[in-house]
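One structure below.
What follows is calculated from the coordinates using simple rules that are stated; it is not laboratory data. Because the structure is predicted, anything quoted here is derived from the model rather than measured. Don't worry about glycine lacking a Cβ; one is built from the backbone with ideal geometry, like all the others, and counts go over all protein chains shown.
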């Protein structure tokens with residue numbers, strides 16, 4: 001009989017964080033959210049930063065609450081968004097407020113970065129699509145604007161590695177999160193020396209590299225005493241939240257299947273054995289990131305539910321609060337937009353005034369301006385689905401392989417309207433779920449690291465633990481969709 005194992009998944013998104021308790025009984029995985037908290041960036045002068053120590057305090061509170069209720073877990077792992085980081089000095093102390101990927105400083109240095117290493121050369125060297133949010137642009141901006149920082153900075157830690165360091169005292173660079181930086185050779189997984197050299201950066205800033213699924217130590221004794229728990233094994237898992245989400249996909253078979261991780265961002269892609277660095281991939285905006293267990297994710301990072309989140313926040317600030325489900329209902333009652341806008345237009349990147357900016361963009365493009373809240377939300381969903389349809393078609397073109405199924409995971413999987421619109425726009429079957437894919441993948445990687453599951457068994461555990469809804473192209477939008485708890489029953 002399999003022993004009962006308990007784990008904690010710290011799952012940090014760009015707008016909120018969760019500490020999830022997982023229990024594996026040898027058959028299925030039961031999850032419970034023990035702590036949820038906001039992840040709100042701070043504007044300090046002109047700098048947009050993350051409240052890293054506030055996040056650390058919330059993580060500690062989640063551990064405390066979980067241990068109080070369930071006892072000391074067997075292990076813990078952290079996944080977060082990509083690209084952002086903090087610095088440690090030689091004594092291991094945190095330096096400098098960790099900047100947000102929407103901070104404005106990178107734009108001031110774009111021209112010089114791209115004069116030294118063109119976007120096409122960045123893609124050829126690293127497999128990463130050049131983007132101002134990438135660590136490479138951020139690091140160069142730091143070097144120009146704050147050169148004295150590098151006389152004291154000893155290590156650069158990406159966000160999940162930084163938070164694990166605060167828990168363990170050990171500094172590492174895990175492969176999946178490192179692959180988001182635009183700084184790494186995709187074949188070796190090591191710093192891309194020509195790029196670092198051309199930008200005048202020091203690759204020794206990166207700590208010891210480790211593979212996803214590495215036990216890096218245990219919770220510091222001081223924290224054990226503070227939190228009232230015993231030693232917890234700390235695992236550098238699939239630390240990039242998208243890598244964790246993909247690790248939770250219950251593939252019947254990977255060939256012919258795409259994934260769509262739907263959250264603040266939408267990430268649409270396929271798993272590949274090698275990084276694909278063709279001119280067509282570069283021109284179409286695809287990037288390569290590392291998978292748990294080896295291989296790569298060829299994907300496009302596009303705007304997602306950020307648009308809806310900003311509209312929702314805007315209305316709440318005006319005294320009109322709507323739950324996510326209420327907004328979906330409003331959109332379902334509204335007519336189809338007929339026309340769509342480009343969710344990735346630069347005008348939509350910054351926070352604030354999103355409904356007005358969507359209206360302004362539509363006017364400027366000669367599109368119908370949505371009339372009322374329901375029509376605005378429906379236009380957002382129609383536009384996202386159309387974007388997914390374009391991206392899936394491009395994936396088929398650049399890989400030369402047809403796709404028949406899309407696994408839609410993350411918060412968008414509970415949005416039945418968006419799931420059906422996605423099936424219609426792509427012409428593919430959409431298998432929706434799991435919703436909390438990043439947290440679930442985080443837990444599954446821990447179980448595999450502890451030697452309890454294989455990757456194939458992990459997919460079966462997902463199907464036994466989470467309902468999976470199936471949406472087919474051209475179907476009317478019903479009140480309920482069918483669900484399955486078996487991989488073998490998922491339709492092609």
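So for each of 435-445, 384-394 I average, over its residues, the number of other beta carbons within 10 Å; can you give me the resulting order with the highest mean first?
Working: 435-445: 29.1, 384-394: 21.3.
In descending order of packing, they fall as 435-445, 384-394.
Please order 155, 373, 30 by the number of other Cβ within 10 Å, starting at the fewest.
30, 373, 155
Compute the length gained on full extension between residue 369 and residue 324: take 0.36 nm times their separation in residues and subtract their Cα-Cα distance, giving the result in nm to one decimal. Intermediate results must be reported in sequence, preceding the final value.
Values: separation 45, 0.36 × 45 = 16.20 nm, distance 2.23 nm.
So the extension gain works out to 14.0 nm.
Highest mean first, what order results for 105-117, 225-237 on Cβ atoms within 10 Å? Write out the running numbers ahead of the final one.
Numbers: 105-117: 15.5, 225-237: 19.2.
Most protected by this proxy first, the peptides run 225-237, 105-117.
Can you figure out the FRET efficiency of residue 198 with residue 342, using R₀ = 25 Å and their beta-carbon distance, to the nearest 0.05? Intermediate results must be reported in sequence, preceding the final value.
On the way: r = 32 Å, r/R0 = 1.30.
Here the calculated transfer efficiency is 0.15.
Based on alpha-carbon atoms only, what is the radius of gyration of the chain relative to the globular estimate 2.2 N^0.38 Å?
On the way: Rg = 21.8 Å, N = 492, 2.2 N^0.38 = 23.2 Å.
Cα-based Rg divided by the globular estimate yields 0.94.
Rounded to the nearest 0.05, what FRET efficiency do residue 65 and residue 90 have when you use their Cβ-Cβ distance and R0 = 35 Å?
My answer for the efficiency is 0.50.
So how far apart, in nm, are the two label points at residue 146 and residue 211 if each is 7 Å from Cα heading toward Cβ?
3.5 nm
Rounded to two decimals, what ratio of Rg to Rh does the stretch 5-239 give with C-alpha atoms and a Kirkwood Rh? It would help to have the intermediate numbers written out before the result.
Values: Rg = 18.3 Å, Rh = 18.5 Å.
That ratio equals 0.99.
For the residue pair residue 397 and residue 316, what label-to-label distance in nm results when each label sits 7 Å from Cα along the Cα-to-beta-carbon direction?
Between residue 397 and residue 316, the label points sit 3.9 nm apart.
Give, as ranges by residue number, the residues of the stretch 150-187 whose backbone N falls under 18 Å from the point 7 Å along Cα→Cβ of residue 225.
Label zone hits: 167-169.
Run the simple label-point estimate for residue 456 and residue 115 please: 7 Å along Cα→C-beta, distance reported in nm.
Computed distance between label sites residue 456 and residue 115 equals 5.6 nm.
On full extension of the chain, what length is gained from residue 25 through residue 274, given 0.36 nm per residue of separation minus the C-alpha to C-alpha distance?
Values: separation 249, 0.36 × 249 = 89.64 nm, distance 3.54 nm.
Difference between extended and current length: 86.1 nm.
Starting from 0.36 nm per residue, how many nanometres of slack lie between residue 353 and residue 124 once their C-alpha separation is accounted for?
Stretched fully, the residue 353-residue 124 segment lengthens by 78.7 nm.
Could you tell me the calculated FRET efficiency between residue 284 and residue 42, based on Cβ-Cβ distance and R0 = 25 angstrom, to the nearest 0.05?
Values: r = 36 Å, r/R0 = 1.42.
E(calc), rounded to 0.05, equals 0.10.
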